[in-house]
1. Tell me, yes or no, whether the range 102-122 has at least one residue that is outside any helix (DSSP H, G or I), more than 27 Å from residue 208 (Cβ to Cβ) and either in contact with a helix residue (DSSP H, G or I) (Cβ under 7 Å, 6 or more places away or on another chain) or without any contact (Cβ under 8 Å) to a residue 60 or more places away in the chain (or both).
2. Restricting attention to the range 21-52, and to residues there that are assigned to a helix (DSSP H, G or I) and buried (at least 23 other Cβ atoms within 10 Å of the Cβ), which single residue is farthest from the chain's Cα centre (by Cα)?
3. Restricting the first residue to the range 129-151 and requiring it to be on the phi > 0 side of the Ramachandran plot and free of Cβ contacts under 8 Å to residues at least 60 places away in the same chain, which pairs with a second residue that is surrounded by 14 or more Cβ atoms within 10 Å (Cβ to Cβ) and in a loop (DSSP other than H, G, I, E, B) meet a Cβ separation below 8 Å and a spacing of at least six or different chains?
4. Would you confirm whether any residue within the range 211-218 is at pLDDT 95 or above and under 17 Å from residue 82 (Cβ atoms)?
5. Going through the range 193-226 one residue at a time, which ones are in a helix (DSSP H, G or I), closer than 20 Å to residue 173 by Cβ and out of contact with any helix residue (DSSP H, G or I) (no Cβ under 7 Å at 6 or more places or on another chain)?
(Lines give C-alpha, C1' and ligand atoms only; values in the text may rest on other atoms or scores of the structure.)
Protein backbone atom coordinates (compact mmCIF):
# COMPACT_ATOMS: atom_id res chain seq x y z
CA UNK A 1 0.00 0.00 0.00
CA UNK A 2 1.20 3.49 -0.78
CA UNK A 3 1.74 6.09 1.92
CA UNK A 4 -1.13 8.53 2.41
CA UNK A 5 -0.44 12.26 2.61
CA UNK A 6 -2.91 15.09 3.19
CA UNK A 7 -2.01 18.61 2.09
CA UNK A 8 -4.01 21.65 3.16
CA UNK A 9 -4.34 24.46 0.62
CA UNK A 10 -3.40 21.98 -2.09
CA UNK A 11 -5.21 23.48 -5.04
CA UNK A 12 -2.62 26.12 -5.96
CA UNK A 13 0.88 27.43 -5.42
CA UNK A 14 3.27 25.55 -3.17
CA UNK A 15 0.55 23.21 -1.90
CA UNK A 16 -0.33 22.04 -5.39
CA UNK A 17 3.30 21.45 -6.26
CA UNK A 18 3.84 19.49 -3.03
CA UNK A 19 0.87 17.32 -3.99
CA UNK A 20 2.32 16.80 -7.47
CA UNK A 21 5.77 15.83 -6.18
CA UNK A 22 4.34 13.41 -3.61
CA UNK A 23 2.04 11.81 -6.20
CA UNK A 24 5.06 11.44 -8.48
CA UNK A 25 6.79 9.55 -5.64
CA UNK A 26 3.90 7.11 -5.41
CA UNK A 27 1.98 8.62 -2.49
CA UNK A 28 -1.78 8.54 -2.28
CA UNK A 29 -2.28 12.30 -2.03
CA UNK A 30 -5.36 13.89 -0.49
CA UNK A 31 -5.46 17.36 -2.05
CA UNK A 32 -7.65 19.65 0.02
CA UNK A 33 -9.25 22.99 -0.74
CA UNK A 34 -12.09 25.04 0.71
CA UNK A 35 -14.01 24.64 -2.55
CA UNK A 36 -14.95 21.14 -3.66
CA UNK A 37 -14.68 22.23 -7.28
CA UNK A 38 -11.19 23.67 -6.81
CA UNK A 39 -10.05 20.48 -5.10
CA UNK A 40 -11.48 18.29 -7.86
CA UNK A 41 -9.96 20.33 -10.68
CA UNK A 42 -6.46 20.45 -9.18
CA UNK A 43 -6.50 16.82 -8.08
CA UNK A 44 -7.54 15.58 -11.53
CA UNK A 45 -4.59 17.40 -13.11
CA UNK A 46 -1.90 15.78 -10.92
CA UNK A 47 -3.23 12.35 -9.99
CA UNK A 48 -4.38 13.20 -6.46
CA UNK A 49 -7.66 12.62 -4.61
CA UNK A 50 -9.80 15.68 -3.87
CA UNK A 51 -11.09 16.46 -0.38
CA UNK A 52 -13.10 19.52 0.58
CA UNK A 53 -11.70 21.05 3.76
CA UNK A 54 -11.90 24.43 5.48
CA UNK A 55 -9.31 24.45 8.25
CA UNK A 56 -11.00 27.41 9.97
CA UNK A 57 -14.19 25.37 10.42
CA UNK A 58 -14.03 22.71 13.13
CA UNK A 59 -16.98 20.79 11.67
CA UNK A 60 -15.27 20.69 8.26
CA UNK A 61 -12.02 19.42 9.80
CA UNK A 62 -13.81 16.69 11.76
CA UNK A 63 -15.79 15.65 8.67
CA UNK A 64 -12.56 15.38 6.68
CA UNK A 65 -10.95 13.25 9.39
CA UNK A 66 -13.99 10.96 9.39
CA UNK A 67 -13.80 10.66 5.60
CA UNK A 68 -10.10 9.72 5.71
CA UNK A 69 -10.78 7.19 8.47
CA UNK A 70 -13.61 5.65 6.46
CA UNK A 71 -11.78 5.55 3.13
CA UNK A 72 -8.16 4.90 4.16
CA UNK A 73 -8.03 3.94 7.84
CA UNK A 74 -4.87 5.88 8.57
CA UNK A 75 -2.77 8.92 7.62
CA UNK A 76 1.00 8.85 7.15
CA UNK A 77 1.78 12.50 6.45
CA UNK A 78 -0.05 15.68 7.41
CA UNK A 79 1.20 18.82 5.66
CA UNK A 80 -0.20 22.05 7.11
CA UNK A 81 0.40 24.32 4.14
CA UNK A 82 -2.59 26.68 4.00
CA UNK A 83 -1.80 30.28 5.02
CA UNK A 84 -3.16 33.78 4.45
CA UNK A 85 -2.43 37.49 4.96
CA UNK A 86 1.08 38.57 4.07
CA UNK A 87 0.25 42.02 5.43
CA UNK A 88 3.02 44.21 4.05
CA UNK A 89 0.82 47.30 4.55
CA UNK A 90 0.76 46.97 8.35
CA UNK A 91 3.06 47.75 11.26
CA UNK A 92 2.72 46.20 14.72
CA UNK A 93 2.22 49.55 16.47
CA UNK A 94 -0.84 50.38 14.38
CA UNK A 95 -1.99 46.94 13.16
CA UNK A 96 -5.65 46.16 12.71
CA UNK A 97 -6.05 43.38 15.26
CA UNK A 98 -9.06 42.03 13.40
CA UNK A 99 -6.68 41.24 10.53
CA UNK A 100 -4.29 39.55 12.95
CA UNK A 101 -7.13 37.51 14.43
CA UNK A 102 -8.30 36.42 10.98
CA UNK A 103 -4.76 35.37 10.03
CA UNK A 104 -4.42 33.34 13.23
CA UNK A 105 -7.54 31.34 12.40
CA UNK A 106 -5.82 29.95 9.29
CA UNK A 107 -2.11 30.17 10.09
CA UNK A 108 -2.18 28.90 13.68
CA UNK A 109 -5.52 27.52 14.82
CA UNK A 110 -6.08 25.77 11.49
CA UNK A 111 -2.97 23.59 11.76
CA UNK A 112 -3.69 23.06 15.45
CA UNK A 113 -7.20 21.81 14.65
CA UNK A 114 -5.81 19.56 11.96
CA UNK A 115 -3.28 17.94 14.26
CA UNK A 116 -5.85 17.32 16.99
CA UNK A 117 -8.38 15.84 14.55
CA UNK A 118 -5.93 13.66 12.62
CA UNK A 119 -3.71 12.41 15.46
CA UNK A 120 -5.67 9.16 15.86
CA UNK A 121 -5.08 8.42 12.17
CA UNK A 122 -1.40 9.41 12.31
CA UNK A 123 -0.90 7.08 15.26
CA UNK A 124 -2.00 4.21 13.01
CA UNK A 125 0.89 4.91 10.64
CA UNK A 126 4.19 3.03 10.74
CA UNK A 127 6.11 6.27 10.10
CA UNK A 128 3.94 9.35 10.78
CA UNK A 129 5.08 12.85 9.85
CA UNK A 130 3.66 16.33 10.48
CA UNK A 131 5.04 19.18 8.38
CA UNK A 132 4.12 22.76 9.27
CA UNK A 133 4.87 25.16 6.43
CA UNK A 134 6.36 28.23 8.08
CA UNK A 135 8.62 31.07 6.94
CA UNK A 136 12.02 32.50 7.81
CA UNK A 137 10.02 35.68 8.46
CA UNK A 138 9.10 33.93 11.73
CA UNK A 139 12.73 33.69 12.85
CA UNK A 140 13.14 35.83 15.98
CA UNK A 141 16.87 35.98 15.31
CA UNK A 142 16.47 38.21 12.27
CA UNK A 143 12.99 39.66 12.78
CA UNK A 144 12.39 43.35 12.12
CA UNK A 145 9.37 45.51 11.39
CA UNK A 146 6.41 44.71 9.21
CA UNK A 147 3.89 42.02 8.26
CA UNK A 148 2.79 41.64 11.91
CA UNK A 149 -0.19 39.36 11.29
CA UNK A 150 1.79 36.96 9.15
CA UNK A 151 4.97 36.99 11.22
CA UNK A 152 3.40 36.58 14.65
CA UNK A 153 1.13 33.75 13.53
CA UNK A 154 4.06 31.92 11.94
CA UNK A 155 6.11 32.42 15.12
CA UNK A 156 3.26 30.81 17.02
CA UNK A 157 3.14 27.97 14.49
CA UNK A 158 6.84 27.35 15.11
CA UNK A 159 6.18 27.21 18.85
CA UNK A 160 3.43 24.67 18.20
CA UNK A 161 5.90 22.62 16.17
CA UNK A 162 8.33 22.50 19.09
CA UNK A 163 5.67 21.50 21.60
CA UNK A 164 4.15 18.83 19.38
CA UNK A 165 7.55 17.36 18.54
CA UNK A 166 8.31 16.92 22.23
CA UNK A 167 4.88 15.59 23.13
CA UNK A 168 4.61 13.20 20.19
CA UNK A 169 8.14 11.78 20.31
CA UNK A 170 6.88 8.66 22.17
CA UNK A 171 4.48 8.09 19.24
CA UNK A 172 7.39 8.25 16.75
CA UNK A 173 5.73 11.22 15.00
CA UNK A 174 8.30 13.55 13.47
CA UNK A 175 7.13 17.19 13.54
CA UNK A 176 9.04 19.94 11.76
CA UNK A 177 8.60 23.50 10.48
CA UNK A 178 9.71 24.17 6.92
CA UNK A 179 10.44 27.47 5.20
CA UNK A 180 10.03 27.10 1.43
CA UNK A 181 11.86 30.37 0.84
CA UNK A 182 10.57 33.28 -1.21
CA UNK A 183 8.59 31.51 -3.91
CA UNK A 184 6.89 32.98 -6.96
CA UNK A 185 3.26 32.30 -5.98
CA UNK A 186 0.12 34.42 -5.60
CA UNK A 187 1.21 35.25 -2.03
CA UNK A 188 4.94 35.56 -2.70
CA UNK A 189 4.58 37.59 -5.87
CA UNK A 190 6.88 37.62 -8.90
CA UNK A 191 10.63 37.34 -8.62
CA UNK A 192 10.86 34.45 -6.17
CA UNK A 193 12.41 31.03 -6.66
CA UNK A 194 10.54 28.41 -8.73
CA UNK A 195 7.65 26.76 -6.94
CA UNK A 196 9.21 23.32 -7.43
CA UNK A 197 12.27 24.36 -5.41
CA UNK A 198 10.19 25.69 -2.54
CA UNK A 199 8.05 22.57 -2.48
CA UNK A 200 11.05 20.24 -2.47
CA UNK A 201 12.00 21.13 1.11
CA UNK A 202 8.49 20.32 2.28
CA UNK A 203 8.58 16.97 0.49
CA UNK A 204 11.97 16.33 2.13
CA UNK A 205 10.38 16.72 5.57
CA UNK A 206 7.41 14.57 4.57
CA UNK A 207 9.70 11.72 3.51
CA UNK A 208 12.27 11.78 6.33
CA UNK A 209 13.54 8.41 7.54
CA UNK A 210 12.55 7.25 11.01
CA UNK A 211 15.96 8.45 12.23
CA UNK A 212 15.29 11.96 10.87
CA UNK A 213 15.08 15.15 12.92
CA UNK A 214 12.04 16.33 14.83
CA UNK A 215 11.24 19.71 16.35
CA UNK A 216 13.39 21.54 13.81
CA UNK A 217 13.09 24.56 11.53
CA UNK A 218 14.52 23.99 8.05
CA UNK A 219 14.84 25.34 4.53
CA UNK A 220 16.17 23.08 1.78
CA UNK A 221 17.01 20.49 4.44
CA UNK A 222 19.27 22.89 6.36
CA UNK A 223 18.52 24.22 9.85
CA UNK A 224 17.33 27.81 10.30
CA UNK A 225 17.70 29.86 13.50
CA UNK A 226 14.56 30.16 15.59
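1. Looking for residues that are outside any helix (DSSP H, G or I), more than 27 Å from residue 208 (Cβ to Cβ) and either in contact with a helix residue (DSSP H, G or I) (Cβ under 7 Å, 6 or more places away or on another chain) or without any contact (Cβ under 8 Å) to a residue 60 or more places away in the chain (or both), one finds none in the range 102-122, hence no.
2. 43
3. 146/90
4. Checking the range 211-218: not a single residue is at pLDDT 95 or above and under 17 Å from residue 82 (Cβ atoms).
5. Passing the criteria: 201, 204, 205.
The values are calculated or read from the model by the stated rules, or taken from the named source; none is laboratory data. Bear in mind that the values here come from a model prediction, so they are computed numbers and not experimental data. Positions of Cβ are backbone-derived with ideal geometry, glycine not excepted, and every protein chain shown enters the neighbour counts.
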